[in-house]
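Notes to accompany the following structure.
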Amino acid sequence: MSKEKNRINPFFESYNTPHDTVPFDKIQTEDFEEAIMEGIRRDDEEINNIINDPAEPTFENTIARDDVEKGEHYYDLLGRAETAFSCLLSAETNDELDALAQKLSPILTKHQNDVSLNEKLFERVKYVYEHHRPLNAEEEMLLNNSYQGFVRSGALLDKEGKEKLRKITEDLDMLTLQFSQNLLKENKAYKLVITDKEQLAGLPNSAIEAAAKTAKENKDAEERNVSEAWTFTLDFPSYSPFMTYSTQRELRKQMYMARNTEGTHDNDTNNIEICKKIVNLRREKAQLLGYDTHADFILKRRMASSKENVYKLLNDLIAAYKPSAIKEVAEIEAMAKEMEGKDFELMPWDFSFYSHKLQVKKYNLDAEMLRPYFELKNVIKGVFSLATTLYGITFKENKEIPVYHPDVKAYEVFDKDGSYLAVLYADFHPRKGKQGGAWMTEYQGQYINYKGKNIRPHVSVVTNFTKPTDDKPALLTLGEVQTFLHEFGHSLHGMFANTKYESLSGTNVWWDFVELPSQFMENYAIEKEFLRTFAFHYQTDEPLPDELIERIHKARNYNAAYACMRQVSFGLLDMAYYTQNKPFTADLIDFEKKAWHDAIVTKEIPDTCMTTQFSHIMSGGYSAGYYSYKWAEVLDADAFSVFKKSGIFSKETAQRFRDEVLSKGGTEHPMTLYKRFRGGEPTIDALLERDGIKK
């Protein structure tokens with residue numbers, strides 16, 4: 001598209017939007033490239049200003065520099081444009097944006113390397129690191145992070161080492177981008193189109209209606225010259241009900257194999273060699289920087305601190321949970337044989353189906369029984385009102401705030417004193433250009449500017465929840481309610497940020513601490529007092545019956561040990577790749593099966609592969625860090641036990657959690673923050689009790 005005459009790139013001027021939010025309605029694709037290239041030029045200009053400053057390097061003129069001569073947003077152009085661009089690549093991409101990402105990725109990586117390997121700039125940072133004035137805790141953390149950031153990016157390497165590092169980081173950035181783009185294409189390319197109504201046997205109406213709507217949107221009936229069609233995809237709200245309820249074993253197998261072989265097919269979206277290259281390049285980078293493995297490099301800046309501590313956590317969990325997990329699977333196998341005959345062999349595509357049958361038998365509980373009580377608009381009210389109850393904050397939709405897709409809603413968030421706190425974007429449903437899964441992200445971080453003004457954050461919650469149908473609103477499962485609470489917990493961490501420096505605010509914490517606020521919120525999902533505030537039948541307005549809540553509580557630990565082993569298996573796989581200290585040449589699928597063997601309690605299929613779709617550890621920042629979910633689970637169970645003692649809606653406890661954890665970001669060591677809230681270090685006891693492992 002050619003540029004309109006006299007049109008100004010919206011990134012180049014004040015946004016003139018509520019709270020300076022991103023003007024998505026004005027941005028065109030070519031604006032990103034222009035703004036990013038100019039942002040790089042301005043970055044270079046600022047770096048030259050710093051290194052050519054004749055004054056002695058100080059914390060103020062080198063580390064926490066505030067240069068206001070050029071105007072409010074002059075020097076943060078690159079950050080603003082790159083953040084908006086990367087967020088859209090996850091939530092609303094297309095072929096044009098994907099191609100632009102391929103073009104810009106090496107340019108941005110080169111720029112990052114030019115900064116982190118700038119010898120004159122590092123000399124000034126090093127001087128301040130060694131000769132600084134007395135600093136407070138936050139300033140000390142910023143200085144330490146700045147110095148360590150340079151060192152961990154190769155500042156101490158010789159010329160040859162720096163050139164090697166440049167090449168490694170450029171290749172890594174391209175490969176991780178390619179991994180993500182391949183996975184999205186693989187995911188969206190598959191669909192199971194059913195044209196025979198009998199093949200819908202067992203499926204609940206909600207799944208059938210959603211599949212009919214998808215088929216209609218895709219014109220699948222017309223394409224096959226039939227009157228009716230039902231289309232199922234690999235998006236979780238479609239895939240999960242199919243695997244749980246469909247009586248068609250062969251179709252379940254087809255869906256399972258499609259989902260579990262993503263990235264392994266002989267086509268141009270195969271991720272096998274890409275994964276090997278990513279693992280090897282991360283090892284090479286770590287060894288170039290003086291570490292034995294990538295895990296050693298990563299864990300240097302984590303609460304766990306060493307691979308030995310990670311393995312201790314994972315092995316302790318195996319010891320505590322695996323015996324129960326084996327019993328859980330045996331029960332499901334027995335149920336399957338009872339229904340199908342003693343010669344029936346339970347396969348992975350059968351697990352959800354018979355597990356669900358056993359759950360109904362044991363607890364008379366089915367996810368579809370609960371769905372009518374979890375209308376999305378009511379769940380939103382419930383989650384927002386929980387935040388109001390705990391922290392006094394309120395939410396108001398503002399339709400004047402531009403959004404990047406009609407599905408997205410934007411809310412202003414106000415603190416308990418009525419002052420403006422943040423902007424929250426909410427994007428709930430799957431669509432073509434959106435990655436699978438759920439995440440929280442940020443369009444603007446919190447910080448205090450040179451005028452002393454507290455710049456408040458713009459955060460976004462992105463999920464892939466069940467969509468509304470032609471005659472029903474969006475009705476969620478209990479699992480989706482938990483996911484909402486999880487991502488909302490991350491958003492609270494972002495919204496409550498109250499630090500001076502943006503790089504230390506909100507969720508900018510060590511990765512094995514970042515999941516505490518999110519997993520903490522999940523605890524509320526089954527609390528009766530919370531459910532009473534929003535769980536009303538979408539047609540009759542009747543509250544979720546006490547009897548159903550009681551069943552939820554009885555079933556809360558159903559397959560808890562199996563679920564734990566599944567997470568531990570992913571942690572083992574992650575660590576197996578990133579504790580390699582020699583070139584990785586193994587067969588990826590075979591390696592995967594051996595790596596997680598100790599935590600596996602169900603039958604495995606030879607050709608399936610998790611690695612090729614494991615975004616967390618390949619492209620999502622969790623390499624040598626997937627254990628974080630279980631690490632933080634220990635923290636969240638321990639933290640919630642404090643609320644259980646004082647009352648789950650205790651304003652005083654919530655205020656302490658906000659003050660000591662949520663608002664502090666990464667300004668101090670995470671264990672220091674946690675102990676200040678808790679009064680001591682966490683133990684695993686609360687987690688074992690919550691999961692029914694320890695009575």
*Pairs with Cβ under 7 Å, 6+ apart, first in the stretch 146-164 and aromatic (Phe, Trp, Tyr), second modelled with pLDDT of 95 or more and open to solvent by less than 40 Å² (accessible area, probe 1.4 Å)*: 147/125; 150/116; 150/122; 150/125
*May I ask you to list pairs of residues, at least six apart or on different chains, whose Cβ atoms are under 7 Å apart, with the first in the stretch 613-625 being touching a residue at least 60 places away in the same chain (Cβ under 8 Å) and more than 17 Å from residue 264 (Cα to Cα) and the second being open to solvent by less than 30 Å² (accessible area, probe 1.4 Å) and of a type in the set (A, V, I, L, M)?*
623/298; 623/617; 624/295; 624/298; 624/299; 624/575; 625/298
_Only one of 316, 296, 292 that is part of a loop (DSSP other than H, G, I, E, B), charged (D, E, K, R) and surrounded by fewer than 20 Cβ atoms within 10 Å (Cβ to Cβ)_ = 292
*Search result, residues across the stretch 299-310 that are open to solvent by less than 70 Å² (accessible area, probe 1.4 Å) and outside any loop (DSSP other than H, G, I, E, B)*: 299, 307, 309, 310
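Being part of a helix (DSSP H, G or I) and surrounded by 23 or more Cβ atoms within 10 Å (Cβ to Cβ) is the filter here, so list the residues in the stretch 441-482 that pass it.
At the first step, the residues of the stretch 441-482 found to be part of a helix (DSSP H, G or I) are 478-482.
Of everything in the stretch 441-482, those that are part of a helix (DSSP H, G or I) and surrounded by 23 or more Cβ atoms within 10 Å (Cβ to Cβ) turn out to be 480, 481.
What are the residues in the stretch 648-695 that are β-branched (Val, Ile, Thr), closer than 20 Å to residue 142 by Cα and surrounded by 15 or more Cβ atoms within 10 Å (Cβ to Cβ), if any?
Step one: of the stretch 648-695, the residues β-branched (Val, Ile, Thr) are 648, 653, 661, 667, 672, 683-684, 693.
From the residues that got through so far, the ones that are closer than 20 Å to residue 142 by Cα too are 661, 667, 672.
Residues satisfying the conditions are 661, 667.
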*Just give me the residues in the stretch 524-556 being touching a Lys or Arg at 6+ places or on another chain (Cβ under 8 Å) and closer than 30 Å to residue 673 by Cα, in sequence order.*
526
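Collect the residues in the stretch 491-530 that are of a type in the set (A, V, I, L, M) and in contact with a Phe, Trp or Tyr (Cβ under 8 Å, 6 or more places away or on another chain), keeping them in residue-number order. So that I can check it myself, show each step before the final result.
Quick first cut of the stretch 491-530, residues of a type in the set (A, V, I, L, M) only: 492, 495, 497, 504, 509, 514, 516, 521, 525-526.
Answer for the stretch 491-530, where residues must be of a type in the set (A, V, I, L, M) and in contact with a Phe, Trp or Tyr (Cβ under 8 Å, 6 or more places away or on another chain): 492, 516, 521.
Mind checking which residues of the stretch 202-226 are within 14 Å of residue 241 (Cβ to Cβ) and over 31 Å from the mean Cα position of the chain (by Cα)?
The first filter runs over the stretch 202-226 and keeps only residues within 14 Å of residue 241 (Cβ to Cβ), leaving 202-214.
Passing the criteria: only 202.
Only residues that are among the polar types (S, T, N, Q) and buried (at least 20 other Cβ atoms within 10 Å of the Cβ): list them for the stretch 534-579, please.
Passing the criteria: 559, 569.
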*Mind listing whichever residues of the stretch 333-369 are in contact (Cβ under 8 Å) with a residue 60 or more places away in the chain and either in contact with a strand residue (DSSP E or B) (Cβ under 6 Å, 6 or more places away or on another chain) or aliphatic (A, V, I, L, M) (or both)?*
346, 347, 365, 367, 369
*residue 497 passes all but one of (1) in contact (Cβ under 8 Å) with a residue 60 or more places away in the chain; (2) out of contact with any Leu (no Cβ under 7 Å at 6 or more places or on another chain); (3) among the hydrophobic types (A, V, I, L, M, F, W, C); (4) more than 20 Å from residue 80 (Cα to Cα); which number fails?*
(4)
_Could you check the stretch 150-176 and list, in sequence order, the residues that are in contact with a Ser or Thr (Cβ under 6 Å, 6 or more places away or on another chain), farther than 23 Å from residue 120 by Cβ and either open to solvent by less than 30 Å² (accessible area, probe 1.4 Å) or of a type in the set (D, E, K, R) (or both)?_
173, 176
*Only listed residue being within 18 Å of the chain's Cα centre (by Cα) and modelled with pLDDT under 95, chosen from 479, 436*: 436
*residue 146 passes all but one of (1) open to solvent by less than 20 Å² (accessible area, probe 1.4 Å); (2) hydroxyl-bearing (Ser, Thr, Tyr); (3) more than 15 Å from residue 36 (Cα to Cα); which number fails?*
(1)
*Within the stretch 389-401, can one find any residue that is assigned to a helix (DSSP H, G or I), open to solvent by 20 Å² or more (accessible area, probe 1.4 Å) and either of a type in the set (D, E, K, R) or more than 30 Å from residue 573 (Cβ to Cβ) (or both)?*
yes
*asked:* Restricting to the stretch 583-603, and then to whatever is without any contact (Cβ under 8 Å) to a residue 60 or more places away in the chain and not aliphatic (A, V, I, L, M), can you tell me which residue is least open to solvent (accessible area, probe 1.4 Å)?
replied: 592
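Please find, among 377, 362, the residue that is surrounded by fewer than 17 Cβ atoms within 10 Å (Cβ to Cβ), among the charged types (D, E, K, R), under 30 Å from residue 243 (Cα atoms) and under 24 Å from the mean Cα position of the chain (by Cα). Walk me through it before giving the result.
Numbers: 362 fails: under 24 Å from the mean Cα position of the chain (by Cα).
When all the criteria are applied, what remains is 377.
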*Run down 394, 389 and say which single residue is touching a Lys or Arg at 6+ places or on another chain (Cβ under 9 Å), touching a residue at least 24 places away in the same chain (Cβ under 8 Å) and among the polar types (S, T, N, Q).*
389
*Is it true that some residue in the stretch 418-428 is in contact with a Phe, Trp or Tyr (Cβ under 8 Å, 6 or more places away or on another chain), crowded, with 19+ Cβ neighbours inside 10 Å, among the aromatic types (Phe, Trp, Tyr) and farther than 27 Å from residue 499 by Cβ?*
yes
_Top-ranked residue in the stretch 115-129 [being open to solvent by less than 50 Å² (accessible area, probe 1.4 Å) and of a type outside the set (S, T, N, Q); ranked as farthest from residue 153 (Cα to Cα)]_ = 128
*Filter the stretch 95-113 for residues that are more than 15 Å from residue 168 (Cβ to Cβ), in contact (Cβ under 8 Å) with a residue 60 or more places away in the chain and open to solvent by 40 Å² or more (accessible area, probe 1.4 Å) and give the result.*
96, 102, 103, 107
*Quickly run through the stretch 523-546 and pick out the residues that are assigned to a loop (DSSP other than H, G, I, E, B) and on the phi < 0 side of the Ramachandran plot.*
527, 532, 533, 534, 535, 537, 538, 539, 540, 542, 544, 545
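Tell me, yes or no, whether the stretch 71-78 has at least one residue that is of a type in the set (Gly, Ala, Ser) and under 28 Å from the mean Cα position of the chain (by Cα).
Filtering the stretch 71-78 down to residues of a type in the set (Gly, Ala, Ser) leaves 71.
If we keep only those that are under 28 Å from the mean Cα position of the chain (by Cα) as well, we get none.
No: zero hits.
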_Cβ-Cβ under 7 Å pairs, at least 6 apart or on other chains, the stretch 669-686 side farther than 19 Å from residue 302 by Cβ, far side of a type in the set (Ser, Thr, Tyr)_ = 686/641
*With respect to residue 180, is the statement that it is part of a helix (DSSP H, G or I) and within 30 Å of residue 236 (Cα to Cα) true?*
yes
*Quick one: residue 512 ticks every box in (1) at pLDDT below 95; (2) open to solvent by 10 Å² or more (accessible area, probe 1.4 Å) except a single one, so which number is it?*
(2)
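Step by step: first the residues of the stretch 62-73, then only those that are surrounded by 14 or more Cβ atoms within 10 Å (Cβ to Cβ) and at pLDDT below 95, then the one that is nearest to residue 146 (Cα to Cα). Which residue is that? Outline the logic, then answer.
Of the stretch 62-73, the ones surrounded by 14 or more Cβ atoms within 10 Å (Cβ to Cβ) are 62-65, 73.
Right, trim to at pLDDT below 95 and you get 64-65, 73.
On the way: 64: 10, 65: 12, 73: 22 Å.
Top of the filtered list is 64.
The values are calculated or read from the model by the stated rules, or taken from the named source; none is laboratory data. Every value quoted in this text rests on a predicted model; they were computed, and no experiment measured them. All Cβ positions, glycine included, derive from the backbone under ideal geometry; neighbour counts span all protein chains shown. Accessible surface areas use protein heavy atoms only, side chains included; no ligands, DNA or RNA. Shrake-Rupley method; radii C 1.70, N 1.55, O 1.52, S 1.80 Å.
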